Amino acid sequence: MALALALVNDPQLVFLDEPTTGLDPQVRLEIHSLISELREDKRTILLTTHYIEEAERLCDRGGDHRPGEDYRDRHAARIAGADAGAIAC
């Protein structure tokens, strides 16, 4: 429901904070498809996730952040080897 409300006004910039946390695998894949469609429509998406595979699949660029450290900007493919905490894409 929150995701639908976020898209009501057809925004060009979408903030998604852990949109798939706690969802069953089928719904998670549906959310991934929706995010991919938004990307195809040339929307800018700021996504936070703890799932490395999600970041690799959905993001062009990303970064990781740990408490007490600066944000590190990375190409999404390099995040997996970064031993990241929370990931923002």
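The values are calculated or read from the model by the stated rules, or taken from the named source; none is laboratory data. Remember, predicted model here, so these are calculated numbers, not experimental data. Note that each Cβ is placed from the backbone with ideal geometry, even for glycine, and that neighbours are counted across all protein chains shown.
Values computed for the structure shown
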{"quantity": "Flag if Ile31 is at pLDDT 90 or above, in contact with a strand residue (DSSP E or B) (Cβ under 6 Å, 6 or more places away or on another chain) and β-branched (Val, Ile, Thr)", "calculated": "no"}
{"quantity": "Candidate set from region 57-86 (those that are at pLDDT 85 or above and not basic (Lys, Arg)); member that is farthest from Pro19 (Cα to Cα)", "calculated": "Cys59"}
{"quantity": "Residue check for Leu3: out of contact with any Asp or Glu (no Cβ under 6 Å at 6 or more places or on another chain), at pLDDT 90 or above and surrounded by 12 or more Cβ atoms within 10 Å (Cβ to Cβ)", "calculated": "no"}
{"quantity": "Residues of region 6-25 satisfying the condition of being surrounded by fewer than 10 Cβ atoms within 10 Å (Cβ to Cβ) and either farther than 11 Å from Arg43 by Cβ or in contact with a Pro (Cβ under 7 Å, 6 or more places away or on another chain) (or both)", "calculated": "Val8, Asn9, Gly22, Asp24, Pro25"}
